[in-house]
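Presented below is the structure to which this report refers.
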Amino acid sequence: SFIFVQDFSQAMSQAGSSQFQEVIRQELEYSMKVELDKILATAHSNEIEHTKKDLEGFKKLFHRFLQEKGPSVDWGKIQRPPEDSIQPYEKIKARGLPDNIASVLNKLVVVKLNGGLGTSMGCKGPKSLIGVRNENTFLDLTVQQIEHLNKSYNTDVPLVLMNSFNTDDDTKKILQKYSHSRVKIYTFNQSRYPRINKETLLPIAKDVSYSGENTECWYPPGHGDIYASFYNSGLLDNLIAEGKEYIFVSNIDNLGATVDLYILNHLMNPPNGKRCEFVMEVTNKTRADVKGGTLTQYENKLRLVEIAQVPKAHVDEFKSVSKFKIFNTNNLWIALSAIKRLQEKNAIDMEIIVNPKTLDGGLNVIQLETAVGAAIKSFENSLGINVPRSRFLPVKTTSDLLLVMSNLYSLNAGSLTMSEKREFPTVPLVKLGSSFTKVQDYLRRFESIPDMLELDHLTVSGDVTFGKNVSLKGTVIIIANHGDRIDIPAGALLENKIVSGNLRILDH
């Protein structure tokens, strides 16, 4: 199998003869099937059913991976989306709300993508259990939001969590704490797929277990897996039977992704009488968002194009804020009946994302993944809605955490809103250095969260700590050189200051 060492797809395209390529493909698929059968043979009787479903799904994905000629889109076919295919939120809001908004809400299910771990922020366990604000976790805030909705309108909007095998046990333990809240909570699991060796293209798992040293052998295949696993879990059918019609899907770490009644009304009571099956919330790019996926028109369909699919020669053009002005927030509204129809016809088409990883022992593996928004082109009558930036408030790093913990936001019934005291609606740019990466280090370095209402830009690097009641205004840059430590004293006001090496405070 030495031929695959360089780059499988390169070898394929150079192979020239399609017959030769076909032989290689068949051999790889056969070898993969043999290995997967061996793995399945190690499953206990109570695991066989779902392991089989997982491995079948993986086999389909692997088959497509071998068929496809790399991820690139044909750049010449990319067009700007037609005017009416991306609607401004203002226009949708201007329609107002009907009197019977409760009956519309009762058709909705909120789905949160809860497969991720908090590892990038130095935490063990599900990311959704990290404390974000006043001891509340992402999950607490989500439950509070929906509970507030159900109490205010006397409705029954359920919460569905898509867990992964990494987050399922811990999440289920925590769910007991909400047993008396006014929200029905359901969970289902993402598939569990085997990581494959980059050189041999065979699974590194030898058996079905995923604990101990085997944890590195398996992965959840991205949130595009939602369609198949939601359907396979039986939950999709149950919700349809209960009269639910739409799901609102978002990442659990996006604190701006609350249920929006105007968008829901637009879906249920479309102005032209024709319902959308898929709505993607997009928002305007800033310089910080150059990598986000964007909506384009491609072969007469709305299509999500991610940076990984862009041919190298066009990456700068893709990143340009002037040509592609919007990006996908991953807040999606999707018709349940459409998911069922497409899933039964095996007609949901999502590009494969090849995600290379290096394991602790140095082994190079690849994960085949898909993204939930990429399915937009498979649905009928899709629509983009250009929403305010406030609906995109993801917490990926402790720099993001600092923003949402600060007085820039006020918390009301689980929802964060920008403080009215801030004069401009944009969020300050915050860059905390590597000493702040882990949540526990970050928390140790702030005796209290600074006043940031008038902050534009904060950069902190090195061994820096903040005393109580510090105020930051304008542009503040604090850099402790290697071996030095800077302690910002309690009650300090830093406005347009550069603080460097040995605590000299300079006007900026």
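Taking all Cα pairs closer than 8 Å and separated by 6 or more residues, the relative contact order of the chain comes to 15 percent.
If you count, for each residue, the other Cβ atoms within 10 Å and average over each peptide, how do 239-248, 34-43 line up from highest to lowest? If you can, show how the numbers build up before the last one.
Details: 239-248: 16.7, 34-43: 15.0.
Descending mean neighbour count gives 239-248, 34-43.
Here the dipole of region 398-500 is about 160 debye; that uses its Cα centre as origin and unit charges on the Cβ of Lys and Arg (positive) and Asp and Glu (negative). Each residue of region 93-109 was assigned a 3J(HN,Hα) from its phi angle through the Karplus curve 6.51 cos²θ - 1.76 cosθ + 1.60 (θ = phi - 60°); the sequence is 5, 4, 5, x, 10, x, 5, 9, 4, 4, 5, 6, 4, 5, 8, 9, 10 Hz, with glycine and proline shown as x. Take the solvent-accessible surface of the protein heavy atoms, probe 1.4 Å, and return the percent of it on the chain that carbon and sulfur atoms account for. Its accessible area is 50 percent carbon and sulfur atoms. Over region 241-315, the fraction of Cα-Cα pairs per 5 Å bin, rounded to whole percents and listed from the shortest bin up, is 3, 10, 16, 20, 20, 14, 10, 5, 1, 0.
Here region 75-391 yields Rg over Rh of 0.96, to two decimals, using C-alpha coordinates and the Kirkwood radius. Computed from the Cα positions only, the extents of region 160-273 along the three principal axes stand at 54, 38, 30 Å, in decreasing order.
Which whole number in µm²/s is D for region 280-359 by Stokes-Einstein, with the Kirkwood Rh taken over Cα pairs at 10 °C and 1.306 mPa s? Could you put the intermediate results ahead of the total?
On the way: Rh = 14.6 Å.
This corresponds to a translational diffusion coefficient of 109 µm²/s.
What aspartates and glutamates sit close enough to K59 to cross-link, taking a C-alpha to C-alpha distance under 15 Å and skipping anything fewer than 8 places away on the same chain? Excluding near neighbours in sequence, the set is E27, E29, E35, D37, E68, D225, E369. Ligands, DNA and RNA are left out, and with a 1.4 angstrom probe the accessible area of the chain is 47 Å² per residue.
Close amide H pairs (under 5 Å, H built 1.01 Å from N) link N407 with M452, residues at least 5 positions away or on another chain. Relative protection proxy for 313-325, 348-360, from highest mean packing down: 348-360, 313-325 (other beta-carbon atoms within 10 angstrom). Phi angles of region 463-470 translate, via the Karplus equation with coefficients 6.51, -1.76, 1.60 and θ = phi - 60°, into HN-Hα couplings of 7, 10, 10, 10, x, 5, 6, 7 Hz per residue; Gly and Pro are given as x.
Which of the helices in the chain, when you take each full DSSP H run, stretch at least 18 Å along the axis at their Cα atoms and have an average Kyte-Doolittle score of 0.0 or higher?
none
Past the 23 Å Cα-Cα mark, which pairs from K127/K244; K127/K184; K38/K173; K107/K340; K177/K340? Beyond 23 Å: K127/K244; K38/K173; K177/K340.
Residues whose amide H comes within less than 5 Å of that of Y193, counting only those at least five positions distant or on another chain, are Y219 (H built at 1.01 Å from N in the peptide plane). Rounded to the nearest 5, the antiparallel percentage of DSSP beta bridges internal to the chain is 45%. Along region 427-438 the Karplus relation, 6.51 cos²θ - 1.76 cosθ + 1.60 evaluated at θ = phi - 60°, assigns HN-Hα couplings of 8, x, 8, 10, 10, 9, x, 5, 5, 10, 4, 7 Hz to successive residues, with x for each Gly and Pro. Near L105: Cβ cut-off under 15 Å, other residues only, Lys/Arg at +1 and Asp/Glu at -1. The net charge is -1.
Just the number, please: percent antiparallel of the DSSP beta bridges in region 398-500, rounded to the nearest 5. Mind showing how you got there, number by number?
Details: 4 of 27 bridges.
That works out to approximately 15 percent antiparallel.
Relative to the Cα centre, the charge distribution of the chain, modelled as +1 at Lys and Arg Cβ and -1 at Asp and Glu Cβ, gives a dipole magnitude of about 640 debye. Within the shell defined by Cβ-Cβ distances under 14 Å, the residues around N284 carry a net charge of +3, with Lys and Arg each +1 and Asp and Glu each -1. For L117, the residues whose modelled amide H falls within less than 5 Å of its own, excluding neighbours fewer than 5 places apart on the same chain, are K127. Normalised by 2.2 N^0.38 Å, where N counts its residues, the alpha-carbon radius of gyration of region 392-508 equals 1.03. Residue pairs exceeding 28 angstrom between C-alpha atoms, taken from K285/K312; K323/K396; K60/K285; K438/K497; K172/K285: K60/K285; K172/K285.
The values are calculated or read from the model by the stated rules, or taken from the named source; none is laboratory data. Predicted model only: the values in this text are computed from it and were never measured. We place every Cβ from the backbone using ideal geometry, glycine too, and count neighbours over all the protein chains shown. Surface areas here come from the heavy atoms of the whole protein model, side chains and all, with no ligands, DNA or RNA. Shrake-Rupley method; radii C 1.70, N 1.55, O 1.52, S 1.80 Å.
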